[in-house]
Amino acid sequence: MSQGESKTSDATRLIRAGHLENAPMRTVGPPVVRGSTVLMPDAASLYDDSLVSYGRGGLTTQGALKAALCELESGVGCQLFPSGIASITGPLLAILKAGDRLLVSDCAYTPTRRFCDQVLKRYGVDVAYFPPRATPEEIMAMGGPNLTAILMESPGSLTFEITDVPGVAALARAQGVITLVDNTWAAGLLFKPLEHGVDISIQALTKYVGGHSDVFMGSACAGTPEMARKLEDGVANMGWSVSPDDAYQMLRGLRTLPTRIARHGESGLEMARWLRAQPQVVQVLHPAMPGSPDHGLWARDYSGACGLFGVVLQPASNLAVNAFLNSLNLFGLGFSWGGFESLAIPSGNQLQKRRHHLALPGPVVRIHIGLEDTADLKADLEQGLKVLDAAR
């Protein structure tokens, strides 16, 4: 079934279920349809699987968001989840069983690692971690006979390594291995995993699609009808659902995503270049920066950059790093990213949990550049770096 046929079919089912036919007027945004019980036209329709018969699976608003995400990601099917981490755990639960082996990028988001280590292993899934800069051949060599899936995150959390996603996807598909990518950094816009052979593209819509740090959601888009069915079954079996109001917020964010992320990317590179020139900074971890070890892969696969990157500071104590962060005024100290606001966090002990450690000469601070004026952001960081010097 083609992407267009899938969208048409979804719209037809919603109309037949009675959610669109009585709309009083046409508005710029889709109607927000709230409801759990769907009243069917007759008794036979209650067990017609081609019809929408219950609100948990999504009505008009959620259907519109799924269709838009499919178009954004070049997918044939999309499922929504109540958070970004749920959009990772949901697909993994849908495709894995006891005895399977899962390879995970060692730079993955900490909650991803926690789920793999504390939940999947408890249910008999063999989880191993690969270096994110390993070649596709090296990654596949770690698989073994029970290799079922490979979960990549590219660029990686905190250290922003780029994996050769198309290369891994090609070798994995040849061996019947499922590939998944956490594509949140690219927001489904700057990189298109499904167009490069990946089976499932995941993103935390909470970040750039929402864009205002006020709503949770995640998505998983499938590249084939078979994988779309697995995701659909997984959502139905686990009972995931998202509210129509949250789906509407995400649709609103999608409309301005290209404009916002272009500004994030432009300002992010400007700030990264400025930071690289500061004496308190040893290294900037940003794949779009010339000279980055991953710049070639980024330039080959990505159409742009977002505002998230890392900074390696000169050696300093945790107290000194905290003093630097505490002195910032425009940069908020908070997890997540992708909103209009600039943020900063220290790496803490997250890097110590990795199996394959990077030789970094100093502490790492993750920076998100928001939509503020870059001159103001530079002034804020400049005074903060002076505090760092004094505390050191």
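The values are calculated or read from the model by the stated rules, or taken from the named source; none is laboratory data. Bear in mind the structure is a predicted one, so any value in this text is a computation, not a measurement. All Cβ positions, even for glycine, are placed from backbone atoms using ideal geometry, and neighbour counts span all protein chains on display. Note: areas computed on protein heavy atoms with side chains; ligands, DNA, RNA excluded. Shrake-Rupley method; radii C 1.70, N 1.55, O 1.52, S 1.80 Å.
Highest first, please rank the peptides 179-189, 221-231, 49-59, 83-93 by the mean number of other Cβ atoms sitting within 10 Å of their residues. Before the final figure, lay out the partial values.
Details: 179-189: 25.5, 221-231: 20.1, 49-59: 16.4, 83-93: 23.4.
By packing density, highest mean first, the sequence is 179-189, 83-93, 221-231, 49-59.
When the expected Rg is taken as 2.2 N^0.38 Å, what fraction or multiple of it is the alpha-carbon Rg of the chain?
The chain yields a ratio of 1.03.
How compact and how long is region 255-303, expressed as Rg and Dmax of its alpha-carbon atoms in Å?
12.4, 40
Return the carbon/sulfur percentage of the accessible area of region 40-155, one whole number, probe 1.4 Å, all protein chains in place.
Heavy-atom surface of region 40-155 belonging to carbon and sulfur, 1.4 Å probe: 53 percent.
What is the angle, in °, between the Cα long axis of helix 86-95 and the longest principal axis of the Cα atoms in the chain? Nearest 10 is fine, range 0 to 90.
Long axis of 86-95 versus the principal axis of the chain: about 60 degrees.
Take peptides 348-354, 279-285, 129-135 and line them up by average Cβ neighbours within 10 Å, highest first, as a rough protection proxy.
In decreasing order of mean packing, 348-354, 279-285, 129-135 become 129-135, 279-285, 348-354.
To the nearest 20 debye, what charge dipole does the chain have about its Cα centre, counting +1 at the Cβ of each Lys and Arg and -1 at the Cβ of each Asp and Glu? Could the numbers behind the result be given before it?
Working: 33 positive and 37 negative charges, 102 e Å.
Its charge dipole is roughly 500 debye.
Search the structure for amide H atoms under 5 Å from the amide H of residue 77, placed 1.01 Å from N in the peptide plane, and list their residues when 5 or more places away or on another chain.
Placed amide hydrogens put 222 under 5 Å from residue 77.
Size of the dipole of region 43-177 about the Cα centre, Lys and Arg at +1 and Asp and Glu at -1 on the beta carbon, nothing else charged, in debye to 20?
400 debye
Where Lys and Arg each count +1 and Asp and Glu each count -1, what net charge lies around residue 115 among other residues with Cβ under 14 Å from its Cβ?
That works out to +2.
Which of rounded, prolate or oblate describes region 34-143 when judged by the alpha-carbon gyration tensor and an a/c cut-off of 1.5? Write out the running numbers ahead of the final one.
Numbers: a/c = 2.74, a/b = 2.16, b/c = 1.27.
Judged from the Cα gyration tensor, region 34-143 comes out prolate (a/c at least 1.5, a/b above b/c).
Given 204, 250, 358, which one lies farthest toward the positive end of the charge dipole of the chain, if we put +1 on the Cβ of every Lys and Arg and -1 on the Cβ of every Asp and Glu?
The Cα lying farthest towards the positive end belongs to 358.
How would region 289-392 be classified by its alpha-carbon gyration tensor: rounded, prolate or oblate, with rounded meaning a/c under 1.5 and the a/b versus b/c comparison settling the rest?
Oblate, because a/c is 1.5 or more while a/b does not exceed b/c.
State, in angstrom, two size descriptors of region 239-278 derived from its alpha carbons: Rg to one decimal place and Dmax to the nearest whole number.
Both quantities, over Cα of region 239-278: 16.4, 50 Å.
In degrees, nearest 10, range 0 to 90: what is the angle between the Cα axis of helix 60-73 and the longest Cα principal axis of the chain?
Between helix and principal axis, roughly 50 degrees.
Rounded, prolate or oblate, given the Cα gyration tensor of region 162-237, with a/c below 1.5 counting as rounded?
On the way: a/c = 2.89, a/b = 1.34, b/c = 2.16.
Oblate shape, in that a/c is at least 1.5 and b/c is the bigger or equal ratio.
When ligands, DNA and RNA are left out and all protein chains stay put, how many square angstrom of accessible area per residue does the chain have with a 1.4 Å probe?
43 Å²
Please work out the ratio of the alpha-carbon Rg of region 97-193 to 2.2 N^0.38 Å and round it to two decimals.
That works out to 1.01 for region 97-193.
Given Cβ point charges of +1 (Lys, Arg) and -1 (Asp, Glu) and nothing else, what value in debye, to the nearest 20, does the dipole of region 288-392 about its Cα centre take?
Here the size comes out at about 580 debye.
For region 28-98, taking Cα atoms only, what is the radius of gyration to one decimal and the Dmax to the nearest whole Å?
Calculated on Cα positions, Rg and Dmax stand at 14.8, 47 Å.
Counting only protein heavy atoms and using a 1.4 Å probe, what share of the accessible area of region 279-392 belongs to carbon plus sulfur, as a whole percent? Spell out each step's value before the answer.
On the way: 2800 of 5060 Å².
Percent of accessible area from carbon and sulfur atoms in region 279-392: 55.
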